[in-house]
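Here's the structure, in structure tokens; my notes come after.
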Amino acid sequence: MDTGVDAFSPTERSRVKRLHERGRYDRETVHAIFDAGMIAHIAYVIDGQPYVTPTAYWRDGDRLYWHGSSASRMLRAEAKGIPVCVTVTHLDGLVLARSGFHHSINYRSVMAFGKAAIITDIAEKTHHLNRFVDRVYPGRNATLRPIDPQELKATTLLGMEIEEASAKIRTGPPKDDEPDYALDCWAGVIPIAQVVGAAVPDPLLRPGVDWPEHLRLFKDGNRFDAVMTKNAESY
């Protein structure tokens, strides 16, 4: 457990309690888990009713951003500065043990807390929406038409400063009870990964438009989390 200078300071709401040895609080680990993903689940409460909404997100320093339709109930509620909890999880493997009790999964997860705030400044809003495109596909904005004013009006952008965050990670083989290692039962890890598939060109693509260099990492068979992590380095 890292709670050093470059780490978030956990409180009771963010501290990993069960299997606390898997907990991490350093920014390097927290940022890496966020950077390897694209979809977060955002939890919030409206009038006593809890909601969890999956949405695309991006990170810039210790701030998280997400956007959606200006008509979204979630975004209208979060824009009022209500507390939110943002989580991201990567499933890395199925862990098969010699007893049902010790079966597990290998994973990387992160949970962050803060208050979402709507970004109304047009220049700032445009900047961050463009940054989202370039975060996923570095250099792509240079090939696109600018954001239309009506598109900007129809889109709500929220930002959240990470107040607290904790990561939790499991790696490695199963951990069985000592007597069970003598059993003739297969045990081990089945790796799980989300991979990029072969690109499918738009049937309306103009003749002569080739696959662009800025998409070079989106190669058939590449791990998606590795692509996202590499692209974040160029962001």
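Using a Förster radius of 22 Å, what is the FRET efficiency between residue 118 and residue 144 based on their Cβ-Cβ separation? Nearest 0.05, please.
On the way: r = 24 Å, r/R0 = 1.11.
Computed FRET efficiency for residue 118 and residue 144: 0.35.
From the backbone phi of region 175-187, what are the Karplus-calculated ³J(HN,Hα) couplings (6.51 cos²θ - 1.76 cosθ + 1.60, θ = phi - 60°) in whole Hz, Gly and Pro given as x?
Running phi through 6.51 cos²θ - 1.76 cosθ + 1.60 with θ = phi - 60° gives 10, 8, 5, 3, x, 6, 5, 7, 6, 8, 9, 5, 9 Hz.
I need the calculated FRET efficiency for the pair residue 193 and residue 20, taking r as the beta carbon distance and R₀ as 25 Å, to the nearest 0.05. Mind dumping the intermediate values first?
Details: r = 27 Å, r/R0 = 1.09.
Efficiency, rounded to the nearest 0.05: 0.35.
List the residues whose amide H sits under 5 Å from the amide H of residue 93, counting only those 5 or more places along or on another chain, with H placed 1.01 Å from N in the peptide plane.
Distant-sequence amide H within range of residue 93: 106, 192.
GNM, the chain, Cα, under 10 Å: largest mean-square fluctuation among 36, 56, 165?
56
To the nearest 0.05, what FRET efficiency results for residue 178 and residue 233 with a Förster distance of 45 Å applied to their C-beta separation? If you can, show how the numbers build up before the last one.
On the way: r = 43 Å, r/R0 = 0.96.
E between residue 178 and residue 233, to the nearest 0.05, is 0.55.
Whole-Hz ³J(HN,Hα) for each residue in region 57-68, computed from phi via Karplus 6.51 cos²θ - 1.76 cosθ + 1.60 with θ = phi - 60°, x for glycine and proline: what do you get?
Once θ is set to phi - 60°, the couplings for region 57-68 become 9, 8, 10, 9, x, 9, 10, 10, 10, 8, 9, x Hz.
Over the chain, what is the relative contact order in percent, taking alpha-carbon pairs closer than 8 angstrom and at least six residues apart?
Working: 429 pairs, mean separation 58.7, N = 235.
Worked out over the chain, it gives 25 percent.
In square nanometres, what is one fourth of the surface area of the convex hull spanned by the alpha carbons of region 78-235?
In nm², the orientation-averaged hull projection of region 78-235 is 14.3.
What is region 150-208 by shape, rounded, prolate or oblate, if you read a ≥ b ≥ c off the alpha carbon gyration tensor as root eigenvalues and call it rounded for a/c under 1.5, prolate for a/b larger than b/c, and oblate otherwise?
Taking the square roots of the gyration eigenvalues as a ≥ b ≥ c, region 150-208 is oblate.
Run down the lysines and flag those whose C-alpha is under 21 Å from the C-alpha of residue 230, throwing out any fewer than 8 positions away in its chain.
219
Between the DSSP loop rule and a limit of at most 13 other Cβ atoms within 10 Å, which chymotrypsin sites (Phe, Trp or Tyr not before Pro) in region 99-203 are left?
Sites meeting the loop and neighbour criteria: 186.
Convert each backbone phi in region 220-226 into a coupling constant with the Karplus relation 6.51 cos²θ - 1.76 cosθ + 1.60 (shift: θ = phi - 60°), then list the ³J(HN,Hα) values in order as whole Hz, x for Gly and Pro.
3, x, 5, 5, 5, 5, 5
Could you check how much of the accessible area of the chain is carbon and sulfur, as a whole percent, using a 1.4 Å probe?
Its accessible area is 56 percent carbon and sulfur atoms.
Residue 223 label point, 7 Å along Cα→Cβ, cut-off 13 Å on backbone N: hits in region 160-192?
Residues 171-172, 191-192 qualify, since their backbone N sits under 13 Å from the label point.
So, for the chain, what is the accessible surface per residue at a probe of 1.4 Å, expressed in square angstrom?
Per residue, the chain has an accessible area of 58 Å².
Considering amide H positions built from the backbone, and no H for Pro or chain starts, which residues 5 or more places from residue 155, or on another chain, come under 5 Å of its amide H?
For residue 155, the qualifying residues are 70.
Using a cut-off of 28 Å between alpha-carbon atoms, which lysines can reach residue 17, once sequence neighbours fewer than 8 places away in the same chain are excluded?
115, 168, 175
Considering the chain as a Gaussian network with a 10 Å cut-off on Cα pairs, which listed residue, 202, 220, 92, attains the greatest mean-square fluctuation?
Looking only at 202, 220, 92, the largest GNM fluctuation is found for 202.
Can you list the residues of region 141-160 with backbone N under 15 Å from a point 7 Å past the Cα of residue 46, pointing along Cα to Cβ?
156
What residue among 120, 156, 87 has the largest mean-square fluctuation in a Gaussian network model of the chain, using Cα springs under 10 Å?
Highest fluctuation among the options: 120.
The values are calculated or read from the model by the stated rules, or taken from the named source; none is laboratory data. As the structure is a computational prediction, the values presented were derived from the model and not from experiment. When we count neighbours, we look across all protein chains shown, and the Cβ atoms used for this are built from the backbone with ideal geometry, even at glycine. Each accessible area value is taken on the protein alone, full model and side chains, heavy atoms only, with ligands, DNA and RNA left out. Shrake-Rupley method; radii C 1.70, N 1.55, O 1.52, S 1.80 Å.
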